[in-house]
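Structure record follows, encoded as structure tokens.
The values are calculated or read from the model by the stated rules, or taken from the named source; none is laboratory data. Only a predicted model underlies this, so the values are computations on that prediction, with no experimental measurement involved. We place every Cβ from the backbone using ideal geometry, glycine too, and count neighbours over all the protein chains shown. What goes into the accessible areas is simple: the full protein's heavy atoms, side chains included, and nothing from ligands, DNA or RNA. Shrake-Rupley method; radii C 1.70, N 1.55, O 1.52, S 1.80 Å.
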Amino acid sequence: MSSPVQVPSFSVVPGLQVDEVCRGREKEIVDLVAATYRLHGAGDSVNPPSYFLRFPDRPNARIIALPASLGGEVRTDGLKWISSFPDNIKAGIPRASAVLILNDHDTGYPMACMESSIISAVRTAASAALAAAVLGRDRPRPVRVGFLGVGLIARYLHTYLAATGQDFERVGIYDLSAESAQGFRSYVEQAAPHSEIVVHDDPGTLLRDSDLIVLATVAGSPHLSDPAAFAHHPLVLHVSLRDIDPAIILESVNVVDDVEHCLKADTSVHLAEQRTGNRDFITGTLDDVISRGLELPGDQTIIFSPFGLGVLDLAVARFVYDTLAEADRLATVDNFFHELRRFG
């Protein structure tokens, strides 16, 4: 006889706990992200289009809703609500802030509200580190990495690249903010003291000097348009999505996380689609490489453009939640749900 359906307790998970669970588990989380890509590729997920809330009085700001449902052993639903306010950087606080709501699979009741800027950074970094390993497996090991845009996401990306065996002789840095560049340099000096660190004066020299390029800016439109900067055919993790001119996209091997999601909102690949009227320039998805053995040429620039799937946030959030639950460390809110009897 099946057990009766019960309303779950409601918990609040602060960022400190999220960080404590994720820190030191980078390889485990990369494996989790790979498994989630496989579930999504197999159709065992629901990942609707993200919804963008924009503001006429704050045109560079937005808040994005990412609903998702994941099957497999996870069997959970939820929503990430993440804001991007670039002007925050001027005040010395991070651009992005977020919460994530986990919903109970059987009742639909919310079961947790979780700080999610860390979850978002973790899944972004894990996805990019996975892509670096998978897309670069038939290429020489990169020894020079270049970070263009060095905020919180770049820091997490460097951590995850290092944790998954990417060891670099040289770390290049470029940011419009000299203060941000020096801050990231200080982080790398502590995290990878054996690496040579070069702070570049312009993005072009960083691109030419890097085997692996990480683009993690807040750019709203393409600003990298010199094909010569990519003539050495690097592997590019185009995390910020809108840096590269469509002409360079069309000359490269393009891998995305999800075609429908990535070709929208004026991303570089979306602009390339608008220019050509087709999607023939998309080689495939990361899961096509992971699960279906899609082979990539080794003598062309490879660009990975991940729009960021809500199912990845959901998988990482459920991992954090379950880890805390097993350790009896969830902070529950008593009587959060008050009206639980249909007729009073």
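Filtered by the rule that a residue be touching a Cys at 6+ places or on another chain (Cβ under 9 Å) and either among the small types (Gly, Ala, Ser) or outside any helix (DSSP H, G or I) (or both), the stretch 91-120 gives 99, 100, 101, 102.
Would you confirm whether or not the stretch 225-241 contains a residue that is more than 30 Å from residue 162 (Cα to Cα), assigned to a helix (DSSP H, G or I) and either touching a residue at least 40 places away in the same chain (Cβ under 8 Å) or open to solvent by 40 Å² or more (accessible area, probe 1.4 Å) (or both)? Looking for residues that are more than 30 Å from residue 162 (Cα to Cα), assigned to a helix (DSSP H, G or I) and either touching a residue at least 40 places away in the same chain (Cβ under 8 Å) or open to solvent by 40 Å² or more (accessible area, probe 1.4 Å) (or both), one finds none in the stretch 225-241, hence no.
For residues in the stretch 64-100 being among the β-branched types (Val, Ile, Thr) and under 17 Å from residue 261 (Cα atoms), which is surrounded by the most Cβ atoms within 10 Å (Cβ to Cβ)? It comes out as 82. All conditions in (1) hydrophobic (A, V, I, L, M, F, W, C); (2) open to solvent by 20 Å² or more (accessible area, probe 1.4 Å); (3) part of a helix (DSSP H, G or I); (4) farther than 27 Å from residue 24 by Cβ hold for residue 207, with the sole exception of (2). Residue under question is residue 272, and the condition is that it be of a type in the set (Gly, Ala, Ser), in contact with a helix residue (DSSP H, G or I) (Cβ under 6 Å, 6 or more places away or on another chain) and under 23 Å from residue 288 (Cβ atoms); does it hold? Considered against the rule, which asks whether it is of a type in the set (Gly, Ala, Ser), in contact with a helix residue (DSSP H, G or I) (Cβ under 6 Å, 6 or more places away or on another chain) and under 23 Å from residue 288 (Cβ atoms), residue 272 comes out as yes. If you filter the stretch 36-63 down to residues that are open to solvent by 60 Å² or more (accessible area, probe 1.4 Å) and among the aliphatic types (A, V, I, L, M), you find that the one that is nearest to residue 217 (Cα to Cα) is 46. Just one of the numbered conditions (1) at positive phi; (2) modelled with pLDDT under 95 is not true of residue 24: (2). Would you please name the residue that is modelled with the highest pLDDT, looking only at residues in the stretch 252-270 that are more than 21 Å from residue 235 (Cβ to Cβ) and open to solvent by 30 Å² or more (accessible area, probe 1.4 Å)? Of everything passing the filter in the stretch 252-270, 270 is modelled with the highest pLDDT. Counting the residues of the stretch 140-155 that are farther than 25 Å from residue 296 by Cβ and assigned to a helix (DSSP H, G or I) gives 2.
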